[in-house]
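Step one of this worksheet: look at the structure below.
The values are calculated or read from the model by the stated rules, or taken from the named source; none is laboratory data. Not measured: the values here are computed from a predicted model. All Cβ positions, glycine included, derive from the backbone under ideal geometry; neighbour counts span all protein chains shown.
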Ligand code: NDP
């Protein structure tokens, strides 16, 4: 498929999708860069995803972001999958390249790393042990990102043990089960919540941070609410913290560039726009 540079169309696809802030982010950049494109949300049930992907070219859709529950499903529907998406086992961005080939990538890895680089400079300069809560799709992107930055040990704490074993199979011996949380927290230079615990509407975060090293950076991928219980606990101990909104913004940037051909900027004014929207609960 070829589409003209102007009037390109992209969408975010999920089920449900009404909560997605992606249109707000991409439309902000379209306006800022003066691009006459469009970015909409589309509610697509899992059983309709393949039909959507097949129809993209005919509908003139240059690319799509995928969210729950499509990130893993879409992998079987795209011919060219880049190494990051393949290693993570999930894709959040598909697009037609210049030759008209539909391709898939995972920009959550970039989003996760760029957020920490921006909000906690030097976070990966010292020790190289991380503790990650969770073993789902987001945790896989986190582990891939940490290993790419030279982390030597990633301790996983997760409700179901089989998923920890799955991460170890995928990423190798640097990934271990965290065992006793207190000891893992004491060893960690970075702590990441990649579960849905603490998210609005999900179960609460109840884990104490006893033993956490004072030098550790604590990052929550949850961004609704922005200031989660985990971040409050870490701040009360004097640790540096990073919320999940920056990951959302930074994962969108490389997707936008693939859809619309220009590199957008993640700015404080964009962040404040999304913060205001989250506060309105829209
Ligand atoms: P998945 O459904 O793939 O994984 C969910 C994870 O949360 C699993 O580890 C699961 O454990 C754990 N979990 C869920 N409920 C409970 C519970 N009651 N008690 C203990 N553990 C629980 O989701 P994702 O990996 O895609 O997303 C995880 C989080 O990351 C979400 O909150 C999501 O919003 C956020 N996220 C944020 C992004 C950002 O840009 N900031 C990007 C992507 C995700 P188990 O394996 O035992 O089921």
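Tabulated values for the structure
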read-out: Search result, residues across the stretch 218-257 that are touching a strand residue (DSSP E or B) at 6+ places or on another chain (Cβ under 7 Å) and in a helix (DSSP H, G or I); value: 230, 231, 234, 235, 255
read-out: Residues (in contact with a helix residue (DSSP H, G or I) (Cβ under 6 Å, 6 or more places away or on another chain) and within 17 Å of residue 64 (Cα to Cα)) located in the stretch 223-263; value: 250, 251, 252, 254, 256, 262, 263
read-out: Test result for residue 216, within 14 Å of the ligand (Cβ to nearest atom) and crowded, with 19+ Cβ neighbours inside 10 Å; value: no
read-out: Restricting the stretch 75-103 to residues that are crowded, with 24+ Cβ neighbours inside 10 Å and within 16 Å of the ligand (Cβ to nearest atom), the residue that is nearest to the chain's Cα centre (by Cα); value: 92
read-out: Residue, modelled with the lowest pLDDT, within the stretch 112-142, restricted to residues that are closer than 15 Å to residue 84 by Cα and within 11 Å of the ligand (Cβ to nearest atom); value: 137
read-out: Search result, residues across the stretch 29-88 that are assigned to a strand (DSSP E or B) and over 19 Å from residue 111 (Cβ atoms); value: 38, 40, 42, 43, 61, 62, 80
read-out: Members of the stretch 177-195 that are without any contact (Cβ under 8 Å) to a residue 40 or more places away in the chain and either in a loop (DSSP other than H, G, I, E, B) or within 9 Å of the ligand (Cβ to nearest atom) (or both); value: 179, 180
read-out: Among (1) away from the ligand (no atom under 13 Å from the Cβ); (2) surrounded by fewer than 19 Cβ atoms within 10 Å (Cβ to Cβ); (3) free of Cβ contacts under 8 Å to residues at least 60 places away in the same chain; (4) in a helix (DSSP H, G or I) - the single one residue 146 does not satisfy; value: (2)
read-out: Residue that is surrounded by the most Cβ atoms within 10 Å (Cβ to Cβ), among those in the stretch 9-51 that are over 17 Å from the mean Cα position of the chain (by Cα) and within 18 Å of residue 272 (Cα to Cα); value: 29
